[in-house]
């Protein structure tokens, strides 16, 4: 095998097979290629071979797409190297995500582990709603016993306009606890809830220092000390604590009691009261944990009902299987000679612990590949510190002489040297950059230059200052769009350009700005599918088909959507009817306006409405007959929506892809749930709650600017990259904070989420709003005043174990980790660029004249980035170049939406949403006329005729008896069909099926089958519900449904009474297994096959079996009508054929001895008139 083309570091990775290997692979360094060559080398004769087949390789990567890519590369490389026989093993190889590996192990040992081998794996769109269902069920069940918890948190929060729960609620906290528990080795047992304690000694000492200050300060201190002493001597209720908190005011700073001491006093008060409040909330927190455990049990039960596991179950159960089952552990301990983990920076400790069972003694088989600088999945539980700990361990071991080595891939094959220099300038901590232990990337001299614009600057940046968030976003979008336009005009294809965003909330603003510059633009990545107009339109359509009367969620948005684009005039016509009898107009519901044409006069020709009626009436008439997804697809096509999208270029194609993705989701839901429109609609709603990327067509984005999230761009590369919305984080203000310790345990602190009114021991009312305001002062401050418990004072006032100190430190640590990950996200975004990288930043401006630029280094990377990329360390924004030697004018652009100061210099506004000096901007611009392409199918002549009936391959007893002229029970001749039925009339209008109670239902007057049908249905109901008697209401309903006459009703009641009190029924009930209306489709009976067909079909009225007697069965067939004059011999001959047919079916099903009893429920037994006459066969 030729390794001459590999770099030395790549060659080390490929040939090092016998010891632990840690690979730190920089962006664009060819790690996937290197891993592929490593597998080939291990199979090659030059290595021994080290392995004999692919079954000895375990390769784990982060996504299914990445696993598929590795499989295809391995397959292709094996074929190139002449190992085609081994290439056939690729599809069965252990190359997958870690969840795929776990699923494979669990299925292989399912019976041993007590699992269903056919278990399904729930994705997020299903597991999330299922967990919500578990939470709702337990809360509804336990609501009465959660009184203490409800004093602290609302059980459920209100939903915001996007459908997400806002605020802190018990439901949200339970979800958080479940997620934390699922990622812990021992679940909830690994959680430690930090509780407060009551200790006012430090606070009282601090107040005593005020007594020697001013008179007002001394008075404030005496009131506070009295309140604190009273609380200590009292019952210490929540109301008493609230009163004490509000009584403890703060003195004004003075010479005798300076502001430093006031700050310490505030910090003491905040720490003391937060801890005391948490101490009183112990029972509420106990209820919260108990609730979370109960929800976990409920969620597990719901999954068990579906024989399903979620991704957390896969990891946990596989870990437990390998840990607790020696036979399973032994089966995998030496199975893999090579274990490779790609994207190791995106794993967590639980996954590493699991993999350790598979890597052999001392981890000899393990090769981990990753890049700490690209760890951007904390929201999925990834822990970059796991990567760093592993690297330190291998490095320390190698230094100490033990086995194991670290290899760094730093040659970048993707980006131009200037782009890499830009990246290093921002991030290299060796040069003052923002990323510790930065792995610098070296350019590849042999790369081809993809920049088609001569002299274009490869490093660009812009800063928008001032204005609202929306105004700054619009300004950034416009500036990026103009730069893209300039590159396109100079010859760079728009398809080479991408805008990477940290979040997609405002993606539409950027897309509109790019399109305004005359460039096609598609949103091709990010979890934005649910917010697209296409997804919402299909949702409305499915809800309409599920319930036409649901106009708010269904019909109204469907009619206003791009499907039909109805306007005010059309909706008014739908809602107004003409009463022909009174000659007046009247109001009507719009669903009736779709079904009927009695519109009020005066609306004129409304072609859009006419088309909507035609399409929707046809769709509604097909419900219950055709698959729902087919109906949805046809509505889309018949409305002309896809034709109109095809006329809109790249944007239209992207939207068409979303439409098709939505229809596919409907089809998948229908495949699972059946043709149940309402259930499918709810399932589609659950699908939309998951994080779904936009749909994609093969030709999408051919020459269009693309917009996607940085996460979606992982593993991709683009010639021109602009980066925005990727610099700042939101301050973490969650009521529950947590931190995971090195041993895997989890510390948590939970602050109250609500402060209800209460009374102290004296009966005085304490308003909860005042207590909440005080709490806010402690932790967040108010107005221009900072928090009382400032981080700089924590060490001075907080005792060991302080819950307040723990909450603050956890919050600050979370902010620090979030900002670190934001830096890594920016790194990933910049390293996607091959030729040009543009950074688009923004910053608010404080209020007031000459306000400073509001830069917050603890929450925003912008000040640090500006310091790195601007001349003079960003001391001045009055520049148009970046810090690099070959920088050009225009590389940096300051867009000031209002005046502000920075570094002591005032900058005047130089831009706005509209240029006030441009007279053209002030001129009114006429809005373009709306247009809507109305699409109608061409008329095609067709004639529908009945198809010839296909010959049947099966027979029933009825068909056999009819052809052989066998006699059944005595019945009068059928009555003549009603006129309406005979004429073929049905109660439909314009193809829309009417409700059941409005149809022209055929009359059953005198129908001899009505009594038998009603009786059989009654007996089926009795068996299936295991009821001893038939309620009058049920009898009324059955007879009414089947159209029994008064005479038949009397016969029905007598027959039911005789059957219920019969010995034969008692005999049937003695069998342990009883089934009603049992269908069969079996091989035919000898003697009937040649004449009637090879199969017998039908249904058995009542079949009784016993697992203890597997060869025996009792069959009962009900007979209505009949004559009491027939002799026993005649009856035996009469039912012999039916008995033979049924017995033959049961014999073929494995029953050796069959008892058949034909019960004539209307004919009394001559020997006992209280019993029905029974004809019995033993066959």
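The values are calculated or read from the model by the stated rules, or taken from the named source; none is laboratory data. From a predicted model like this one, the values you see are computed outputs, not experimental measurements. Using ideal geometry, Cβ is built from the backbone for each residue, glycine included, and neighbour counts are taken over all protein chains shown.
Here are some notes:
- Matching option when the condition is at positive phi and either touching a helix residue (DSSP H, G or I) at 6+ places or on another chain (Cβ under 8 Å) or assigned to a strand (DSSP E or B) (or both), among 518, 491: 518
- Selected residue (criterion: surrounded by the most Cβ atoms within 10 Å (Cβ to Cβ)) from residues of segment 1115-1136 that are assigned to a loop (DSSP other than H, G, I, E, B) and in contact with a helix residue (DSSP H, G or I) (Cβ under 8 Å, 6 or more places away or on another chain): 1120
- Scanning segment 1102-1114 for residues that are out of contact with any helix residue (DSSP H, G or I) (no Cβ under 9 Å at 6 or more places or on another chain) and in a strand (DSSP E or B), we see that the one that is farthest from residue 1016 (Cα to Cα) is 1112.
- Unique match (being touching a residue at least 40 places away in the same chain (Cβ under 8 Å) and either surrounded by 20 or more Cβ atoms within 10 Å (Cβ to Cβ) or not in a helix (DSSP H, G or I) (or both)) among 302, 288: 288
- Qualifying residue in segment 476-492 (condition: in contact (Cβ under 8 Å) with a residue 12 or more places away in the chain, out of contact with any strand residue (DSSP E or B) (no Cβ under 7 Å at 6 or more places or on another chain), under 19 Å from residue 717 (Cα atoms) and crowded, with 16+ Cβ neighbours inside 10 Å): yes
- Residues in segment 1017-1037 that are closer than 23 Å to residue 1066 by Cβ, within 46 Å of the chain's Cα centre (by Cα) and assigned to a helix (DSSP H, G or I): 1017, 1018, 1019, 1020, 1021, 1022, 1023, 1024, 1034.
- Among residues of segment 110-158, those that are touching a strand residue (DSSP E or B) at 6+ places or on another chain (Cβ under 9 Å), assigned to a loop (DSSP other than H, G, I, E, B) and surrounded by 19 or more Cβ atoms within 10 Å (Cβ to Cβ), counted: 3
- Residue check, residue 407 in contact with a helix residue (DSSP H, G or I) (Cβ under 6 Å, 6 or more places away or on another chain) and not assigned by TED's automatic domain parsing to the domain that holds residue 851: yes
- Among the residues making up segment 635-650, those that are in contact with a helix residue (DSSP H, G or I) (Cβ under 7 Å, 6 or more places away or on another chain), surrounded by fewer than 20 Cβ atoms within 10 Å (Cβ to Cβ) and closer than 25 Å to residue 530 by Cβ are 642, 646.
- In this entry, residue 624 passes the filter for residues that are surrounded by fewer than 19 Cβ atoms within 10 Å (Cβ to Cβ), assigned by TED's automatic domain parsing to the domain that holds residue 540 and in a loop (DSSP other than H, G, I, E, B).
- The set of residues from segment 756-767 being without any contact (Cβ under 8 Å) to a residue 24 or more places away in the chain and surrounded by 14 or more Cβ atoms within 10 Å (Cβ to Cβ) comprises just one member, 767.
- Per-region count, segment 1076-1101, residues part of a strand (DSSP E or B), touching a helix residue (DSSP H, G or I) at 6+ places or on another chain (Cβ under 7 Å) and over 11 Å from residue 1116 (Cβ atoms): 6
- Members of segment 582-619 found to be part of a loop (DSSP other than H, G, I, E, B) and touching a residue at least 12 places away in the same chain (Cβ under 8 Å), listed by number: 588, 589, 596, 597, 598, 600, 601, 603, 606
- Yes/no for residue 753 being crowded, with 18+ Cβ neighbours inside 10 Å, under 25 Å from residue 286 (Cα atoms) and not assigned by TED's automatic domain parsing to the domain that holds residue 493: yes
- Residue count, segment 904-936 (criterion: within 30 Å of residue 418 (Cβ to Cβ), modelled with pLDDT of 90 or more and in a loop (DSSP other than H, G, I, E, B)): 1
- Pick from segment 448-466, criterion more than 15 Å from residue 837 (Cβ to Cβ) and out of contact with any strand residue (DSSP E or B) (no Cβ under 8 Å at 6 or more places or on another chain), ranking: surrounded by the fewest Cβ atoms within 10 Å (Cβ to Cβ): 448
Results for (1) free of Cβ contacts under 8 Å to residues at least 60 places away in the same chain; (2) part of a loop (DSSP other than H, G, I, E, B); (3) in contact with a strand residue (DSSP E or B) (Cβ under 7 Å, 6 or more places away or on another chain), shown as yes or no for each residue.
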{"position": "747", "(1), (2), (3)": "no, no, yes"}
{"position": "769", "(1), (2), (3)": "yes, no, no"}
{"position": "776", "(1), (2), (3)": "yes, no, yes"}
{"position": "792", "(1), (2), (3)": "yes, no, no"}
{"position": "799", "(1), (2), (3)": "no, yes, no"}
{"position": "804", "(1), (2), (3)": "no, no, no"}
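- Failed item, numbered, when residue 857 is tested on (1) without any contact (Cβ under 8 Å) to a residue 12 or more places away in the chain; (2) touching a strand residue (DSSP E or B) at 6+ places or on another chain (Cβ under 8 Å): (2)
- Residue count for segment 436-468, restricted to those that are in contact (Cβ under 8 Å) with a residue 40 or more places away in the chain and outside any loop (DSSP other than H, G, I, E, B): 7
- Screening 351, 391 for residues that are surrounded by fewer than 22 Cβ atoms within 10 Å (Cβ to Cβ) and either touching a strand residue (DSSP E or B) at 6+ places or on another chain (Cβ under 9 Å) or part of a strand (DSSP E or B) (or both) leaves exactly one candidate, 391.
- Filtered residues of segment 64-109 (kept if more than 30 Å from residue 301 (Cβ to Cβ), touching a helix residue (DSSP H, G or I) at 6+ places or on another chain (Cβ under 6 Å) and in a helix (DSSP H, G or I)): 71, 73, 74, 75, 77, 78, 79, 86, 87, 90
- Residue 753 over 30 Å from residue 171 (Cβ atoms), part of a loop (DSSP other than H, G, I, E, B) and touching a residue at least 60 places away in the same chain (Cβ under 8 Å): no
- Selection from segment 79-94 of residues that are in contact with a strand residue (DSSP E or B) (Cβ under 9 Å, 6 or more places away or on another chain) and touching a residue at least 40 places away in the same chain (Cβ under 8 Å): 94
- Search result, residues across segment 531-550 that are part of a helix (DSSP H, G or I) and buried (at least 19 other Cβ atoms within 10 Å of the Cβ): 534, 535, 537, 538, 539, 540, 541, 542, 543, 544, 545, 546
- If you check 64, 31 for being at pLDDT below 90 and closer than 30 Å to residue 317 by Cα, only one passes: 64.
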